[in-house]
């Protein structure tokens, strides 16, 4: 059964203390309370989460795929922005 | 060759455990009937999750009942090889799913009782029962919140959802009195601090249900006539059909595993 008028929500889960909330998917719910409940039921069944954010999908402003050349292409040639030119002393080990 | 029913030697503790286990198993089985039929994917998952929580509680209670009986039965024997008259679940939990509103109202009535029931049972003199209670309480707290939020939205929703929710409240109301009934089996265990006197939970149940019905703009039925019998094995016509589906595989192919 499709219910086209039900609001779409994006779900973000923080899996451990100290980590950031990470987008895990979306779901339908009529309001914020039910969206949180549904997020718990759909996305944390296997112990994935310590904290949930739900955000109305229409509150997210997204970049236009058609703009991707202008938005992202210029960064491709700027290899000097990567911190790969430093010599890491042996004693520091893995960073 | 079909497996015959077992005979269980029921001490008061075994009876007490079987009653709670039967409640959880039968309601969990009812929720499992929604698999593939729920109104939306999100509730499909929620109903299955809650059903599995309940079946998990039933397993622990049956397991402890089998240990307490010490007659060589296991949790599967107790679930699959007792017949309708041996089942001692509440009449409420065996009532058919009906529509989504009916399932949610049934869940609210049960959860509003069993959540404080488990919380109180955490202080039981029986350490195994107290441990089962500690685990179950966290599950039932969520079940109560889930059902309450839905009943509020269905009651205070559209004219059609309100009509269905009110019909469910009216039809299931007569099965709520049994929640608070205690018989001789309970009384002895209550006196020893093992069991909870269900009457002591009535005020909490009434407050929870009244608050939810008020927020849902639903009317609490004035009729106080209450049906009972489940604890004594006197069931409505629905349980036999449920058990025939629940037990068919183990009855037909005894000991089948996968």
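Scanning segment B:36-51 for residues that are surrounded by fewer than 17 Cβ atoms within 10 Å (Cβ to Cβ) and either closer than 16 Å to residue B:98 by Cβ or facing chain A (nearest Cβ under 9 Å) (or both) yields B:37, B:39, B:41. Under the condition of being within 14 Å of chain A (Cβ to nearest Cβ) and either surrounded by 20 or more Cβ atoms within 10 Å (Cβ to Cβ) or touching a residue at least 60 places away in the same chain (Cβ under 8 Å) (or both), the residues counted in segment B:156-168 number 2. Here segment B:130-147 is the region considered, the condition is being within 14 Å of another protein chain (Cβ to nearest Cβ) and crowded, with 22+ Cβ neighbours inside 10 Å, and the residue that is nearest to residue B:16 (Cα to Cα) is B:143.
Quick check on residue A:1: is it within 12 Å of chain B (Cβ to nearest Cβ) and modelled with pLDDT under 90? Talk me through it step by step, then tell me what you get.
Working: within 12 Å of chain B (Cβ to nearest Cβ): yes; modelled with pLDDT under 90: yes.
Taking the combined requirement at face value, the residue satisfies it.
For segment A:11-48, which residues satisfy the criterion of being surrounded by 11 or more Cβ atoms within 10 Å (Cβ to Cβ) and either away from every other protein chain (no Cβ under 14 Å) or over 21 Å from residue B:45 (Cβ atoms) (or both)? Quick ask: steps written out before the conclusion?
Initial filter on segment A:11-48 (surrounded by 11 or more Cβ atoms within 10 Å (Cβ to Cβ)): A:11-15, A:19, A:21-45, A:48.
Within segment A:11-48, A:12, A:13, A:14, A:15, A:19, A:21, A:22, A:23 meet the criteria.
Count of segment A:50-64 residues, restricted to those that are in contact with a helix residue (DSSP H, G or I) (Cβ under 7 Å, 6 or more places away or on another chain) and either within 9 Å of chain B (Cβ to nearest Cβ) or at pLDDT below 95 (or both), is 1.
Take segment B:233-253 and flag every residue that is in contact with a helix residue (DSSP H, G or I) (Cβ under 9 Å, 6 or more places away or on another chain) and more than 30 Å from residue B:155 (Cβ to Cβ). Residues satisfying the conditions are B:233, B:234, B:240, B:243, B:244, B:245, B:246, B:247, B:249, B:250, B:251. When residue B:185 is tested against the conditions (1) farther than 26 Å from residue B:232 by Cβ; (2) more than 14 Å from every other protein chain (Cβ to nearest Cβ), the lone failure is (1).
The values are calculated or read from the model by the stated rules, or taken from the named source; none is laboratory data. If you're wondering where the values come from, they're calculated on a predicted model, not measured in any experiment. So basically every Cβ, Gly included, is an ideal-geometry build from the backbone, and we count neighbours across all protein chains shown.
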